Amino acid sequence: LFALAVRGSEGLYMVNGPPSFTESAAFQRDSGKNCKAVAFSKDGSLFAWCNGEKVNVVNVTRAELLHSFDLPKTVCLEFSPKNNVLATWQVYATAKDGTAGVPNLQLHDLRTGKCLKSFTQKKMQNWCPCWADDESICARNVNNEVHFFENNNFNTIANKLHLQKVSDFVLSPGAQPTKVAVYVPGSKGAPSFVRLYQYPNFGGPQSALANKSFFKADKVTMLWNKKATAVLVIASTEVDKTGASYYGEQTLHYLAANGESAVVQLPKNGPIYDVAWSPNSVEFCAVYGFMPAKATVFNLKCDPVFDFGTGPRNAAYYSPHGHILVLAGFGNLRGQMEVWDVKNYKLISKPVASDSTYFAWCPDGEHIVTATCAPRLRVSNGYKIWHYTGSVLHSYEVPSDEEMWQVFWQPSLDGVFPEKAVKYQAVPSELPSAEPRPAQAYRPPALRNKPVTSSKLHEDEPPQNMKPHLGGSDKPLSKTALKNQRKHEAKKAAKQEAKADANRGPVQLKTPQNALQNAVPAMTTGDPEVDKKIKNLKKKLKAIEQLKEQAAVGKQLEKNQVEKIQKEAALLKELEDLELGV
């Protein structure tokens, strides 16, 4: 069994997972209102929390208190992957006389309860040292270089990775040898770069496994896949110089441990909201583009495999087994979710979790929790536990004068829960369906008794499989190839039309230029003077069309150009009259 931990103004407690949803007896509720930090160990067996007085560590499976540390101001906690060390961080404070403060990052041995080492760590960002999964190495960023310790011996620095200014690094998951992805921001016109190294080979640029440099990066997010064969890098700037986006500008880069690197070409402009690796490590999903956003699954060649079309979404979550993908729109969107079977690319359900500030897959790969937490939203705080087929199995909302701050599943190691076959039929639930009533669009009084005509600001693109069809080429066509293909098809169509006309006999003469330009036969009235007038009017209208396009993209027009546009209606009327022979 596994539990859901809940932290809020009602205290800290655990709720048993499906099917019972009762309060867990394995953890004694801490009713204090000052619980600031909580953490589970990677295997879910240990749990630590700070209640404003002490940091307590319990064994959840045996329901026993293991340690109590006197660190009342702790705001961050983390266990090492094999449960040997507990790291705690308190806000750094200098002494009153201005001298250096006491070290605020502590590493505690969980077997003996002793403090292994204390460090001074001023920033909360990246406060925690990073361990390899087997704890053979541990690393932390100190003054823009990465220090490595081996086998939890924190008194000796075993290795250093020194580049110009390492601002961030990520260790690879899984077994040895451990790899390190490092990010060095660009300065004075030099580009930023991300490099991959294999520990402990750090001797100069030649020793790097892969290297990718790029401009346009104020910060980056580096994501290793589960098998540690590749890293995705989301590079973003704080400000979009073109003014196109409020969110700054993002680009997505791919680096493989074998040295390959590429820019992932996203077919729609706009922000990159989310990128997630599939647990199978050979595919990833990106959610990107101005709303309604696109979502696409790519393979390791960075070619699109499946396109989910467009929709109101800004996040992607793969299930722990990787067989289901949830695309969701949270935050400033309404909470629509699309649950997809990614083996067959079939839509399973479309539940709606409005006002959600948090989403997480349960380790069993069957259930999901969505929550509304403070301080992001101060009203209607609570959580819901769903089955991925769209049924709400359990729901809890705190009383109106209380708040919920955090909910999270008790983790479990891979392989504890076997993968089950995907269901499409909604699982039965005691609770009513969470489908909200669709809000009726406002209609002005004059239109209320008339039939509804639907008008959309934009048409949603449907999902489509991007895998090349048998007999087709291996890769999707580039822009130029597509252009050439279209030209070729247009020529072919024109030829066929000409043939058909030749068979029909001479009905009317065509000027070949116009036939190709407009792909519409030119009309003749029989009067050369009138034809000339029609031609001139069409020329003027075409010029007006071009001016309107320039104005649409924000170009400032001259006074005479604006006047030209205003004459459009009169010109159209004149043209119509001439063509009708009035």
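Pairs please, first residue from segment 176-199 and of a type in the set (Gly, Ala, Ser), second anywhere and assigned to a loop (DSSP other than H, G, I, E, B) and open to solvent by less than 30 Å² (accessible area, probe 1.4 Å), Cβ atoms under 6 Å, 6+ apart in sequence or on different chains.
Ser192/Ala217
Only one of (1) of a type in the set (A, V, I, L, M); (2) outside any strand (DSSP E or B); (3) crowded, with 19+ Cβ neighbours inside 10 Å fails for Ala244. Which number is that?
(3)
Going through Lys216, Lys179, Lys226, Lys212 one at a time, which residue ends up being among the charged types (D, E, K, R) and out of contact with any strand residue (DSSP E or B) (no Cβ under 6 Å at 6 or more places or on another chain)?
The conditions single out Lys226.
Suppose we keep only residues that are under 23 Å from Phe306 (Cβ atoms) and hydrophobic (A, V, I, L, M, F, W, C) within segment 353-384. Which one would you say is most open to solvent (accessible area, probe 1.4 Å)?
Filtering first and then ranking leaves Trp361.
Considering every residue within segment 10-18, establish whether at least one is open to solvent by less than 10 Å² (accessible area, probe 1.4 Å), assigned to a loop (DSSP other than H, G, I, E, B) and modelled with pLDDT under 90.
The answer is yes, given that some residue of segment 10-18 is open to solvent by less than 10 Å² (accessible area, probe 1.4 Å), assigned to a loop (DSSP other than H, G, I, E, B) and modelled with pLDDT under 90.
Scan segment 128-144 for residues that are of a type in the set (Asp, Glu) and open to solvent by less than 30 Å² (accessible area, probe 1.4 Å) and report the count.
Here the count works out to 1.
Looking at Val239 and the list (1) within 17 Å of the chain's Cα centre (by Cα); (2) aliphatic (A, V, I, L, M); (3) open to solvent by 60 Å² or more (accessible area, probe 1.4 Å), which single condition is not satisfied?
That leaves (1) as the condition not met.
When only residues in segment 29-61 that are free of Cβ contacts under 8 Å to residues at least 40 places away in the same chain and charged (D, E, K, R) count, which is farthest from Asp134 (Cα to Cα)?
This residue is Lys33.
Only one residue in Thr120, Thr99 is open to solvent by 20 Å² or more (accessible area, probe 1.4 Å), more than 31 Å from the chain's Cα centre (by Cα) and either in contact (Cβ under 8 Å) with a residue 60 or more places away in the chain or farther than 20 Å from Asn153 by Cα (or both). Which one?
Just one listed residue meets the conditions, Thr99.
Give all pairs with beta carbons closer than 8 Å in which a residue from segment 553-582 that is in a helix (DSSP H, G or I) meets a residue that is of a type in the set (S, T, N, Q) and surrounded by 10 or more Cβ atoms within 10 Å (Cβ to Cβ); count only pairs at least 6 apart in sequence or on separate chains.
Leu578/Thr525; Glu579/Thr525
Are there any pairs with C-beta distances below 8 angstrom linking a residue in segment 402-419 that is at pLDDT 85 or above to a residue that is basic (Lys, Arg) and open to solvent by less than 90 Å² (accessible area, probe 1.4 Å), with the two at least 6 apart or on different chains, and if so which?
Met404/Arg7; Trp405/Arg7; Gln406/Arg7; Val407/Arg7
Out of segment 376-396, which residues are free of Cβ contacts under 8 Å to residues at least 60 places away in the same chain and of a type in the set (A, V, I, L, M, F, W, C)?
Leu377, Val379, Trp386, Val392
Out of Ala37, Ala48, Ala63, which single residue is of a type in the set (Gly, Ala, Ser) and open to solvent by 30 Å² or more (accessible area, probe 1.4 Å)?
Ala63
Considering Phe202, Phe149, Phe193, which residue is under 25 Å from Val239 (Cα atoms), surrounded by 14 or more Cβ atoms within 10 Å (Cβ to Cβ) and either among the aromatic types (Phe, Trp, Tyr) or in contact with a Phe, Trp or Tyr (Cβ under 8 Å, 6 or more places away or on another chain) (or both)? Spell out the reasoning first.
Values: Phe202 fails: under 25 Å from Val239 (Cα atoms); Phe149 fails: under 25 Å from Val239 (Cα atoms).
On inspection, the qualifying residue turns out to be Phe193.
The values are calculated or read from the model by the stated rules, or taken from the named source; none is laboratory data. Not measured: the values here are computed from a predicted model. Heads up, the Cβs are rebuilt from the backbone with ideal geometry, glycines too, and the neighbour counts pull from every protein chain shown. Heavy atoms of the whole protein, side chains included, go into the accessibility calculation; ligands, DNA and RNA do not. Shrake-Rupley method; radii C 1.70, N 1.55, O 1.52, S 1.80 Å.
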